[in-house]
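The values are calculated or read from the model by the stated rules, or taken from the named source; none is laboratory data. Quick caveat, the model's predicted, so the values are computed rather than measured. For neighbour counting, all protein chains shown are included, and Cβ atoms are generated from backbone atoms with ideal geometry for every residue, glycine included.
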Amino acid sequence: MTRTRRLVVALVVNAVLVVAQVVGGVVAHSSGLLADAGHNLTDVAAVVLSLLAVRWAMRPRSEARSFGNHRGTILAALVNAAVLAVVTVAIVVEGVTRLVHPEQVRGGVVVLVAVAAMAVNVVAALVLRDGSSDLNMRAAFVHMAADVAASACVAVAGLVIWATGSWERLDPVASLVVAALIIREALRLVRASTDVLLESTPADVDLAELRAGMAAVPGVAEVHDLHVWSLSSEVRAASAHLVLSGHPSLEEAQEVAGRVRRQVAGPFALSHTTFELECERCVDEDGGDPCGMDEVQATLQATGGSAAHPPHG
């Protein structure tokens with residue numbers, strides 16, 4: 001099943017579920033059910049956003065976006081996490097209000113609706129779990145997985161209220177537990193999305209190991225100015241300066257670069273690599289790395305140039 005189809009199935013399921021939970025929450029006077037309905041409503045918006053992001057990322061690259069639109073899925077994951085955080089605040093406010101001013105809750109209705117919602121969310125979560133590392137799909141899956149836990153909390157609270165005829169405050173307590181589960185996952189998504197947007201080195205990439213793998217290729221004397229970053233959770237790029245031994249010809253140098261690319265592309269999941277080939281390491285009088293970002297920026301500032309329009313001379 002394609003990602004688009006998975007998302008469409010989850011969208012339809014959640015749209016129906018929101019209506020059922022709102023009706024059940026109003027009938028049962030349950031803040032837990034209404035909180036869960038609010039969360040599921042954000043799921044509908046999240047899945048729509050994820051669908052748009054998937055379609056956007058599939059668009060071909062252009063002159064204006066030479067790397068394509070892969071970051072669209074990361075932006076969608078970040079927005080989804082932000083929406084989750086906002087909804088959590090609303091749930092907490094309603095839960096605290098119900099704790100201070102409890103209302104009579106119809107536990108039987110709460111149990112029936114919550115158990116049905118839990119079953120539906122399990123199905124939706126299984127549909128969305130495609131085994132990939134795509135943060136966009138992971139964000140949608142996290143929404144559904146959190147809903148399963150949320151519905152379980154509400155069901156337990158409803159069961160206790162139905163069995164004892166009291167303990168109405170368990171209902172808003174359940175909604176606060178739901179809020180805690182949601183905000184925990186939202187923070188994880190924000191951190192993962194921010195790492196991609198800041199072009200951090202992927203967590204599972206050891207730069208020392210990657211550098212050693214490049215340097216082990218015959219013809220490579222040294223590797224420096226190495227950078228690895230993510231365009232999306234599944235598309236990675238790398239750039240490096242390769243100092244070649246023996247002053248090879250252009251054709252020989254290109255062959256060495258090709259061997260380096262083949263050596264590291266698969267093991268480190270690198271989709272795009274750019275190598276600058278050097279016959280000897282470039283150094284300055286201060287012993288720094290003139291190829292590094294800090295050195296280039298210092299030169300531009302000293303000469304009054306800019307990153308967009310470097311000085312001529």
Being crowded, with 19+ Cβ neighbours inside 10 Å, hydrophobic (A, V, I, L, M, F, W, C) and in the same structural domain as L11 (by TED's automatic domain parsing) is the requirement here; does A114 meet it? yes
Set G213, G246: member being in contact with an Asp or Glu (Cβ under 9 Å, 6 or more places away or on another chain) and surrounded by fewer than 20 Cβ atoms within 10 Å (Cβ to Cβ): G246
Of the residues in the range 246-261, those that are under 14 Å from L210 (Cβ atoms) and without any contact (Cβ under 8 Å) to a residue 24 or more places away in the chain come to R261
Within the bounds of the range 186-203, is there any residue that is small (G, A, S) and at pLDDT 90 or above? no
Among the residues of the range 260-281, write down those that are in contact with a Gly (Cβ under 9 Å, 6 or more places away or on another chain) and either surrounded by 15 or more Cβ atoms within 10 Å (Cβ to Cβ) or of a type in the set (S, T, N, Q) (or both). V260, Q263, V264, F268
Exclusive hit being part of a helix (DSSP H, G or I), farther than 25 Å from V79 by Cα and either at pLDDT below 80 or over 31 Å from the mean Cα position of the chain (by Cα) (or both), set V178, V154, V173: V154
Out of the residues in the range 1-33 that are within 25 Å of the chain's Cα centre (by Cα) and not in a helix (DSSP H, G or I), which is modelled with the highest pLDDT? T2
